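Student: Here you go, one structure.
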């Protein structure tokens, strides 16, 4: 299977790539800004899983050149895409009164617009049975607990959830499934920046294993769904 994972240089994204690498016949394009981290990930996977195929593509998802720069690099390796996981995310923890328009644009570019652009780029290579998995947050689920300082983050993830529902409807005739996993607390750098000292009940490795299995099998049972994946929300 041909798989693309964004935000692959650390945290959950890095572990998702490693999880796919453990599956036979999975080829993974790993996208992130940090080229050195991607090369280290490729090397680690080659040691742990000698038969794995990891293709690092360093690219800034806040850039504009998706079609002219990123798409040709993907097409160099893949003629079709089975799974796209939009995992890249950014958090700004700041009181609403202190937020700037620049921070609004920056956060929306990564958390929402990058998913929009990735899907646009990948759709021509997707087929019946392909699965798009957007990684959301419990903070973006209407009616869930909300926390001071995370208004923009939660709003961006809420928009990603609604985009998921809309795309599932638009792409259902093509038999392409689109789902959103609304993650709860996972022990990542991002969580620590928002909740210093809090210890989450799940590790990135555990969450990555769940996401990988869902990406491989979830399209058989779900489409257009926002699925909470949470034992605890701080």
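The values are calculated or read from the model by the stated rules, or taken from the named source; none is laboratory data. The model shown is predicted, which means the values in this text are computed figures rather than measured ones. No Cβ is skipped: glycine too gets one built from the backbone with ideal geometry, and neighbour counts run over all protein chains shown.
Student: Could you grab me the full set of residues in the range 20-44 that are assigned to a helix (DSSP H, G or I) and surrounded by fewer than 22 Cβ atoms within 10 Å (Cβ to Cβ)?
Tutor: Scanning the range 20-44 gives 35, 36, 37, 39, 40, 42, 43, 44.
Student: Next question. Kindly indicate whether residue 223 is in a loop (DSSP other than H, G, I, E, B), crowded, with 19+ Cβ neighbours inside 10 Å and either under 17 Å from the mean Cα position of the chain (by Cα) or at pLDDT 95 or above (or both).
Tutor: Here the answer is yes, as residue 223 does meet what is asked.
Student: Restrict the check to the range 153-172 and report whether at least one residue is in a helix (DSSP H, G or I) and closer than 13 Å to residue 12 by Cβ.
Tutor: For the range 153-172, residues in a helix (DSSP H, G or I) and closer than 13 Å to residue 12 by Cβ: absent.
Student: Please enumerate the residues belonging to the range 104-144 that are modelled with pLDDT of 95 or more, farther than 19 Å from residue 13 by Cβ and either crowded, with 20+ Cβ neighbours inside 10 Å or in contact with a strand residue (DSSP E or B) (Cβ under 7 Å, 6 or more places away or on another chain) (or both).
Tutor: The answer is 126, 130.
Student: Inspect all residues belonging to the range 145-153 and state whether any of them is over 20 Å from the mean Cα position of the chain (by Cα), modelled with pLDDT under 95 and closer than 17 Å to residue 229 by Cα.
Tutor: The answer is yes, given that some residue of the range 145-153 is over 20 Å from the mean Cα position of the chain (by Cα), modelled with pLDDT under 95 and closer than 17 Å to residue 229 by Cα.
Student: What number of residues within the range 83-103 are surrounded by 15 or more Cβ atoms within 10 Å (Cβ to Cβ) and out of contact with any helix residue (DSSP H, G or I) (no Cβ under 9 Å at 6 or more places or on another chain)?
Tutor: Qualifying residue count for the region: 0.
Student: On to the next question. Pairs under 8 Å by beta carbon, first residue free of Cβ contacts under 8 Å to residues at least 40 places away in the same chain in the range 15-41, partner part of a helix (DSSP H, G or I) and surrounded by fewer than 15 Cβ atoms within 10 Å (Cβ to Cβ), six or more apart or different chains?
Tutor: Partner pairs satisfying both residue conditions: 21/48; 22/48.
Student: Then there's this: Within the range 51-149, considering only strands (runs of 3 or more DSSP E) that don't extend past its boundaries, which have at least 1 residues that are more than 24 Å from residue 179 (Cβ to Cβ)?
Tutor: Output list reads 53-58.
Student: I would also like to ask the following. Filtering the range 8-50 down to residues that are out of contact with any helix residue (DSSP H, G or I) (no Cβ under 9 Å at 6 or more places or on another chain) and farther than 22 Å from residue 122 by Cβ, which residue is modelled with the lowest pLDDT?
Tutor: The residue in question is 24.
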